[in-house]
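Here it is, the structure in full.
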Amino acid sequence: MRIAITGSTGLIGTALVRSLEADGHRVTRFVRRAPRSEGEAEWDPRRQWVDARGLAGCEAVVHLAGAGVGDHRWTEAYKKEIRDSRVLGTAAVAEAVASLDTPPRVLVSASAIGVYGDAGDRALDEDSPPGRGFLAGVCQEWEEAAAPAAEAGVRTVLTRTGLVVSRDGGAWGRLFPLFRLGLGGRLGDGRQYWSFIALQDHIAALRHLLDTPGLSGPVNLTAPHPVTNREVTRTMGRVLRRPVLLPAPAPALRLALGEFASEVLASQRVLPRRLLDSGFRFAFPDAESAVRAALAPDGRAST
């Protein structure tokens, strides 16, 4: 199968490309510069332009690109970057896919569990209503931007991703060094739910979505057993054999992170109902197995 991917140099994109190529699939990476090899094609999400020649002959497109929500303080300018990188980029990809004489069979387009907002301890699945707040609004626009592909008859899957457990990047990647130094602790009161997914399960789920014809629309990519931040803290301390004595109070987080602190302290107890109903099985369904998988040299820690 030939598959086009945006965001191929990020945490998830890098792992997905490696997995696909290991199984003999051909990958075209969309890059924001002039291509340097046959396996690259150019796009510019700011200008909403995609070189459609790079999509020709592709059976699937995986759209992962977007500015990191925690990479910078949330100034108005960076909030615009977060939104535009997702909404404009997705619209560009969806419209390019829809314009093809022979479009791909499937578009898997990234989204996030931020769409649900701060929901306390209420269990959430794909039928739950969207929440409020900046990220919830961005996620709604982000998903809506993929509509041109769906309207053109392309099976379109919107992957609402949780916190990816990996030592190589993302939010969890920042936790490992702190906990190894004995500086880890709960955030705020620690009662907020963290819906996570092991990187290995995330890649397996993306592969499952590419290969499962009946799946379209929103799909939660989270492990089936979400836990509170307090439980995450205990798990990290237990696995790494380090004390967890230094909580970060909510006021300190707001001072350090500004508006982004509200997302760090938000609670989202998300369940992967549609993924489980489609027959997907998690290799690392709980927090401890996901953390151990992230620490294993081959990424295959036992459950």
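Which residue, of Arg167, Arg160, is of a type in the set (Lys, Arg), in contact (Cβ under 8 Å) with a residue 60 or more places away in the chain and open to solvent by 40 Å² or more (accessible area, probe 1.4 Å)?
Details: Arg160 fails: open to solvent by 40 Å² or more (accessible area, probe 1.4 Å).
Matching residue, one of Arg167, Arg160: Arg167.
Another question about this same structure. Working carefully through the options Arg53, Arg36, Arg46, find the one that is loosely packed, with under 15 Cβ neighbours inside 10 Å, part of a loop (DSSP other than H, G, I, E, B) and on the phi < 0 side of the Ramachandran plot.
Step by step, each of Arg53, Arg36, Arg46 is checked, and only Arg36 is loosely packed, with under 15 Cβ neighbours inside 10 Å, part of a loop (DSSP other than H, G, I, E, B) and on the phi < 0 side of the Ramachandran plot.
Out of (1) more than 30 Å from Thr75 (Cβ to Cβ); (2) of a type in the set (Gly, Ala, Ser); (3) at pLDDT 95 or above, what's the single condition that is false for Gly182?
(3)
Can I ask one more? Which fully enclosed helices (runs of 4 or more DSSP H) of region 210-286 have 2 or more residues being among the hydroxyl-bearing types (Ser, Thr, Tyr)?
Per the criteria, 229-240.
If you don't mind, another one. If I go through region 21-60 residue by residue, how many of them are hydrophobic (A, V, I, L, M, F, W, C), touching a strand residue (DSSP E or B) at 6+ places or on another chain (Cβ under 6 Å) and free of Cβ contacts under 8 Å to residues at least 24 places away in the same chain?
Counting residues in region 21-60 that are hydrophobic (A, V, I, L, M, F, W, C), touching a strand residue (DSSP E or B) at 6+ places or on another chain (Cβ under 6 Å) and free of Cβ contacts under 8 Å to residues at least 24 places away in the same chain gives 1.
Taking Arg18, is it modelled with pLDDT of 95 or more, open to solvent by 60 Å² or more (accessible area, probe 1.4 Å) and touching a strand residue (DSSP E or B) at 6+ places or on another chain (Cβ under 6 Å)?
The answer is no for Arg18.
What is the residue count in region 265-303 for residues that are modelled with pLDDT under 95 and of a type in the set (Asp, Glu)?
Within region 265-303, residues that are modelled with pLDDT under 95 and of a type in the set (Asp, Glu) number 1.
Looking at region 88-101, which of its residues are touching a residue at least 12 places away in the same chain (Cβ under 8 Å) and either farther than 30 Å from Val264 by Cα or open to solvent by less than 20 Å² (accessible area, probe 1.4 Å) (or both)?
Gly89, Thr90, Ala91, Ala92, Val93, Ala94, Glu95, Ala96, Val97, Ala98, Ser99, Leu100
What pairs come up if the first residue lies in region 65-86 and is farther than 14 Å from Gly170 by Cα and in a loop (DSSP other than H, G, I, E, B), the second is open to solvent by less than 30 Å² (accessible area, probe 1.4 Å) and not hydroxyl-bearing (Ser, Thr, Tyr), and their beta carbons are under 7 Å apart, counting only those six or more places apart or on different chains?
Arg73/Gly258; Trp74/Gly258
The values are calculated or read from the model by the stated rules, or taken from the named source; none is laboratory data. Small disclaimer: the values here were computed from a predicted structure and weren't measured. Ideal geometry is used to build each Cβ from the backbone, glycine not excepted, and the neighbour counts take in all protein chains shown. Calculation scope for accessible area: heavy atoms of the full protein, side chains included, ligands and nucleic acids excluded. Shrake-Rupley method; radii C 1.70, N 1.55, O 1.52, S 1.80 Å.
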